[in-house]
Amino acid sequence: MKKKKPNKLKILNDPIYGFIQIPNTLIFDIIEHPYFQRLRRITQMGFSNLVYPGANHTRFHHALGCMHLMQKAVQVLRFKQVEISNEEENALYIAILLHDIGHGAYSHALEHSIVSGISHEEISLKFMKKLNTEFKGKLSLAIEVFEGKYHRKFLGQLISSQLDIDRLDYLKRDSFYTGVTEGNISSDRLIAMMNVKEDELVIEQKGIYSVEKFLIARRLMYWQVYLHKTGLVAENMLVNVLSRAKELAGKGVELYASTSLKYFLYNQINQENFDDLTLNMFATLDDYDVLSAIKEWINHEDKVLSLLSKMIIDRKLLRIEMQQKEFKEAEINKKLGKIAKKLDLNNEEVKFFVFSKKIVNQAYQQNKPIYILNKKGKIKDIAKASDQLNLQALTNPVIKHFICYPK
């Protein structure tokens, strides 16, 4: 009896776009790979669900949404006589599908605590190269495009630029799941207005207002969602919990952790020694490992670890104050002294509970411009082409300082 071949040209139902089609069997096999399936267990927005209860969507959702939007972009550009070969088309789908594959548990928290000197983009590249070996070189062009080394610049801009497919999906998706309507951009309209001129990805003149809305929506989403003060506190507390655990592990203290989390806690991982074994360990590390460890660490004898863990699990977060100016050292020291006394902590321990940092948000960077194609066929930076005065203001970085301490 002949073994029935599985149907790999599946259709998936997405709450934002409706039906998403998997374009070919190679893409299906990549999605089915354990490296990619891990993204189901990595939240897209870290601890933002402590502020917006609906924000429980994953990197898996986002990657599939990006692939769907990329299919639309290829269709639009081909309709406008932009030549994209079948190989280039497939490379775009693979590159956008895997652009976030290197994200660690709770997104950025791991990069600042238990893994040092290597970014999620570099880890994504390592995953892509490993998959390329497994798939016998079929990802080579996708890797070239992802790294920005391919000779056709606009293909790389679709993957990574100030108006890339990644941003078009995450703004719309995060807006949907948080319920923050300010981020609800018209990704369809923006894609419909895309074109290519002088190998640059451009937006046609009539799409200028959609770009303005996109830039303002991104700015509002950063202040209202991604840099929301409660989310900031929670993420910094998570970084501190993992840093404390790493510190204790370095002293040989026994900690409850899964096999993969233990590997990263008890070994110094950096860019130089991030080998295949480390990559495979990273591929089994997800949000569940971190959360189950934190739940267990509540009972640990180390006061800093147990107290921070309990505060996160019970959502009894630190207080946060924000301002334009930097906090004075005397003010920080006063709070350090007060909390050290109150919680009976030494000078090193108290720094996990009282800390001051800054955040920077720049809605539009002129060194990587978004180009508008006017009716005469000339291209112009959106900041100069727009009559919206606010747009020029968006090019200035906004810096805010914050201090966190127990209530």
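The values are calculated or read from the model by the stated rules, or taken from the named source; none is laboratory data. If you're wondering where the values come from, they're calculated on a predicted model, not measured in any experiment. For neighbour counting, all protein chains shown are included, and Cβ atoms are generated from backbone atoms with ideal geometry for every residue, glycine included. All accessible areas refer to the heavy atoms of the entire protein, side chains included, with ligands and DNA or RNA removed. Shrake-Rupley method; radii C 1.70, N 1.55, O 1.52, S 1.80 Å.
Cβ-Cβ distances below 8 Å connect the following pairs, each with a first residue in the range 202-222 that is in contact (Cβ under 8 Å) with a residue 40 or more places away in the chain and under 17 Å from residue 179 (Cα atoms), a second residue that is among the charged types (D, E, K, R) and open to solvent by less than 10 Å² (accessible area, probe 1.4 Å), and a separation of six or more residues or different chains: 221/174.
Taken over the range 311-354, the criterion of being in contact (Cβ under 8 Å) with a residue 12 or more places away in the chain and polar (S, T, N, Q) is satisfied by 323, 324.
Output the residue which, of all residues in the range 387-407 that are farther than 30 Å from residue 238 by Cα and surrounded by 19 or more Cβ atoms within 10 Å (Cβ to Cβ), is nearest to the chain's Cα centre (by Cα). Top of the filtered list is 394.
If we keep just the residues of the range 225-241 that are among the aliphatic types (A, V, I, L, M) and within 11 Å of residue 317 (Cβ to Cβ), which is surrounded by the most Cβ atoms within 10 Å (Cβ to Cβ)? Before you say what the answer is, go through the steps one by one.
Taking the range 225-241 first, the residues among the aliphatic types (A, V, I, L, M) are 225, 227, 232-234, 237-239, 241.
When the remaining residues are screened for being within 11 Å of residue 317 (Cβ to Cβ), the result is 232-234, 237-238.
Numbers: 232: 21, 233: 21, 234: 24, 237: 23, 238: 26.
If we take residues in the range 225-241 being among the aliphatic types (A, V, I, L, M) and within 11 Å of residue 317 (Cβ to Cβ), then 238 is surrounded by the most Cβ atoms within 10 Å (Cβ to Cβ).
Assess whether residue 171 counts as being of a type in the set (A, V, I, L, M) and closer than 21 Å to residue 70 by Cα.
Values: of a type in the set (A, V, I, L, M): yes; closer than 21 Å to residue 70 by Cα: yes.
The answer is yes for residue 171.
Could you identify the single residue in 36, 28 that is out of contact with any Asp or Glu (no Cβ under 8 Å at 6 or more places or on another chain), over 22 Å from residue 174 (Cβ atoms) and assigned to a helix (DSSP H, G or I)? Don't jump to the end; show me each part of the working.
Values: 36 fails: over 22 Å from residue 174 (Cβ atoms).
One residue alone meets the criteria, 28.
Having 1 or more residues that are open to solvent by less than 10 Å² (accessible area, probe 1.4 Å), over 26 Å from residue 200 (Cβ atoms) and at pLDDT below 95 is the bar; report the helices (runs of 4 or more DSSP H) wholly within the range 42-156 that clear it.
On the way: elements: 59-79, 86-97, 120-134, 140-146.
Because the criterion is at least 1 residues that are open to solvent by less than 10 Å² (accessible area, probe 1.4 Å), over 26 Å from residue 200 (Cβ atoms) and at pLDDT below 95, the helices (runs of 4 or more DSSP H) in the range 42-156 that meet it are 120-134.
Determine, yes or no, whether residue 261 is open to solvent by less than 20 Å² (accessible area, probe 1.4 Å) and within 15 Å of residue 113 (Cα to Cα).
Judged against the criteria, residue 261 is a match.
Of 241, 225, 196, which residue is in contact with a strand residue (DSSP E or B) (Cβ under 9 Å, 6 or more places away or on another chain) and in contact (Cβ under 8 Å) with a residue 12 or more places away in the chain? Quick ask: steps written out before the conclusion?
Numbers: 241 fails: in contact with a strand residue (DSSP E or B) (Cβ under 9 Å, 6 or more places away or on another chain); 225 fails: in contact with a strand residue (DSSP E or B) (Cβ under 9 Å, 6 or more places away or on another chain).
Answer to the check: 196.
Regarding the range 196-206, can at least one residue be identified that is under 22 Å from residue 81 (Cβ atoms) and assigned to a loop (DSSP other than H, G, I, E, B)? The answer is yes; a qualifying residue exists.
The set of residues in the range 157-184 being in a loop (DSSP other than H, G, I, E, B) and open to solvent by 40 Å² or more (accessible area, probe 1.4 Å) consists of 160, 179, 184.
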